[in-house]
1. Based on Cβ point charges of +1 for Lys and Arg and -1 for Asp and Glu, what charge dipole magnitude is obtained for the range 54-201 about its Cα centre, in debye rounded to the nearest 20?
2. Given a 10 angstrom Cα cut-off, can you work out which residue in Arg81, Arg134, Arg23 is the most mobile in a GNM of the chain?
3. Between Leu99, Leu13, Leu119, where does the largest GNM mean-square fluctuation fall for the chain, given springs only between Cα atoms within less than 10 Å?
4. So for the chain, taking the charge dipole from beta-carbon charges (+1 Lys/Arg, -1 Asp/Glu), which of Gly51, Ala88, Thr198 sits furthest toward the positive end?
5. Net charge near Val16, counting Lys/Arg +1 and Asp/Glu -1 over other residues with Cβ under 15 Å of its Cβ?
6. So what's the angle, to the nearest 10 degrees on a 0 to 90 scale, between helix 82-103 and the longest Cα principal axis of the chain?
7. Across the range 28-44, in residue order, what do the Karplus-derived ³J(HN,Hα) couplings come to in whole Hz, using 6.51 cos²θ - 1.76 cosθ + 1.60 with θ = phi - 60° and x for Gly and Pro?
8. Could you tell me how many degrees, from 0 to 90 and to the nearest 10, lie between the Cα long axis of helix 107-122 and the main elongation axis, the longest principal axis, of the Cα atoms of the chain?
Amino acid sequence: DFPGQTKAQRQTLSSVFLKTGIRAVLFVVFTFVVAHNILYIYIEPLLEPSGLSANVDTVLFVFGLGSIIGLWFVGAMVDRRLQFLALASITIFAVASLLLGLWGDLSQMVYPSVAVWGLAVGGFATITQTALSRFAGESVDVAQSMYTTGWNSAVASGGVVGGILLNGSGVAYFAWVVIGILTVSLLGIVFAMNRALTTRN
C-alpha cells in the first residue's frame, strides 16, 4: 500500500529502460530463460535417450524439489550476496547442462542433473528482481512490466529455438546450445549487471 505518483513524478518507459543496470538485468533474464525453456519445454524428448520419457512427472518432481531448495537458499542470502548468487545460478545451471550433455542417456545421471538444474533455476527470479528493484528505485513498477515482458518473450523464444533444434539435429545439441547461451548470460552478469551493482554500492 503506497501512494500513486503524480504526472510530474511518473517516468517514461524509455527513461526507465535507460537507467543504469536495467538493460543488463533484462539481458540476463532473457538469455537465462531462453536457455531454461529449451530444456524445459522439450523435457519429454530430452528424456528419450535415457528411457525416462514416460517418467516426466517424476523427473519434474525432482526438478521442483531442487527449485524449492534453491529458492530457500537464495531467499536466505539475496540481500547480502546478490552478486555471488547471480554468478552461482548461471554456473550451476551450466554444470547441470554439461551433465545432461555428457550423460543424458544414462537414467541414473538424469535425476541428479535435473535436481541441480532446479537448484539453479529456483531462485533466479528472486535474484534478478532484487537487482532490478535496486536499479529502478521508485520506478520499480514500470521496470517490473519490462521484466515480465522480457521473461514471457524469452519463454516463447526458447520454444522456438528448441523446436528448431529438435526438428534439425534432435536433442543431441540441446545441452551444448544451452551452455553457449548461458556463457553469454554469464558475460552479461560479470560485465554489466554485477558491475553496475558494484558501482551503485
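1. Taking the Cα centre of the range 54-201 as origin, the dipole is about 400 debye.
2. Of the options given, Arg81 has the highest mean-square fluctuation.
3. It is Leu13.
4. Comparing the listed Cα positions along the dipole, Thr198 ranks first.
5. Taking every other residue near Val16 into account, the sum is +2.
6. Once rounded, the angle reads 20 degrees.
7. Result, ordered by residue: 4, 4, 4, 5, 4, 6, 4, 4, 4, 7, 4, 7, 6, 5, 10, 4, 5 Hz.
8. Taking the Cα atoms of the chain, the angle to 107-122 is about 0 degrees.
Read-outs: derived from the displayed coordinates by stated rules, not from any lab. Note that the coordinates shown come from a computational prediction; the quantities given were computed from them, not determined experimentally. No Cβ is skipped: glycine too gets one built from the backbone with ideal geometry, and neighbour counts run over all protein chains shown.
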